[in-house]
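Structure first, commentary second.
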Amino acid sequence: MVHETLAATHAVVTLDVGLPGIVWPWKVTMNMWAKSIGTGIIFMLFYLLKRYPKESGNLRFSSTVVALVFIHMFLLFTLADLHQPLRMWHIFFYPHWTSAITVGAWMATLFVVMLFGMAYFSFVKKDNAKFDKLMFWTVILGIPVTLYTAALMSEATARELWQMPTESAQMMLAALLAGSASMILLGKKLSYEAKSSLGVILGLSALTAFILYQSELIFGPMKSEEVIAVLAYVKGNGEYATMFWIGQFVAYVLPMLLVALSRSGRSESILKLAAILALVGLWVVKHVWLIIPQLLPMS
């Protein structure tokens, strides 16, 4: 709120007062979830074209279209969550490069332009060589696009649970999990060996993410009293305890088990089930981790 206005300089002095309630709602969850799919599927396409070039060549255009759809979902929900969405053009005409939002918006915009370029080379020009060259740089740019939300969350005042190193790892793991799961569902004509390798990426991403979350749950209270209070929402009879564990089991534990079963029985249907559960559970996991720090009063 405005505390005083200095007439001589027209400077406005404000009081830094904590906002009560949920500031980042489910729209931000959709933001992170869609971004994980949009960038992750490009990562997996790059992997398949390098390891299985003959059978994955027909996935160039379809994967690019899926990436475009989910990246635009990411941008749409980002815009919808802004308090002044009609002023978003200020980010491009009056950029502040110390802001994670500004840097992320420019990177995401360039990422979209490069995806359209990939679609052009694949569908219009039918030029796989140029597509692959552009895809390499798109993958490179996709890494900071994936990670920038972690930087944004780590800038939040008094949110000890959202630490940059851990959140960066979780963002990348979410992209690998969502990308491999999406490609398993999209690549119907891939051989079992190619799908099985995607399943390995899915299973290892789920395992690593699960270990990180459990480490935060067990060792996080050693950081500060704030983390103890935040994690109380997912422990015991906490308000989000049930939702937290549903997310952990659906996103990570069950997909790990199903990937192992699919490899032992060479079952593609079980692998598809693992992919579906991973995508659904990832949304739940992201939502819980986004909401619980905001429930803690900042006074």
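The values are calculated or read from the model by the stated rules, or taken from the named source; none is laboratory data. Quick caveat, the model's predicted, so the values are computed rather than measured. Cβ coordinates were reconstructed from backbone atoms using ideal geometry, including for glycine residues, and neighbour counts include every protein chain displayed.
Some notes on this structure:
- Only one entry in 61, 92, 70 is part of a helix (DSSP H, G or I) and modelled with pLDDT under 95, namely 92.
- Matching option when the condition is farther than 23 Å from residue 281 by Cβ and either modelled with pLDDT under 95 or in contact with a Cys (Cβ under 6 Å, 6 or more places away or on another chain) (or both), among 167, 155: 155
- Candidates 280, 284, 250 - the one that is touching a residue at least 40 places away in the same chain (Cβ under 8 Å) and closer than 27 Å to residue 25 by Cα: 284
- Taking every residue in the range 222-235 that is in contact (Cβ under 8 Å) with a residue 24 or more places away in the chain and assigned to a helix (DSSP H, G or I) and pairing it with any residue that is surrounded by fewer than 19 Cβ atoms within 10 Å (Cβ to Cβ) and of a type in the set (A, V, I, L, M, F, W, C), at least 6 positions away or on another chain, the pairs with Cβ-Cβ distances below 7 Å are 226/158; 226/296; 229/296; 230/296; 231/217.
- Hits in the range 118-133 - residues which are in contact (Cβ under 8 Å) with a residue 12 or more places away in the chain and exposed (fewer than 15 other Cβ atoms within 10 Å of the Cβ): 123
- Residues satisfying the stated conditions in the range 157-186, i.e. part of a loop (DSSP other than H, G, I, E, B) and either among the charged types (D, E, K, R) or over 18 Å from residue 219 (Cβ atoms) (or both): 157, 158, 159, 160
- Output for the range 241-274, where each listed residue is under 16 Å from the mean Cα position of the chain (by Cα) and of a type in the set (A, V, I, L, M): 251
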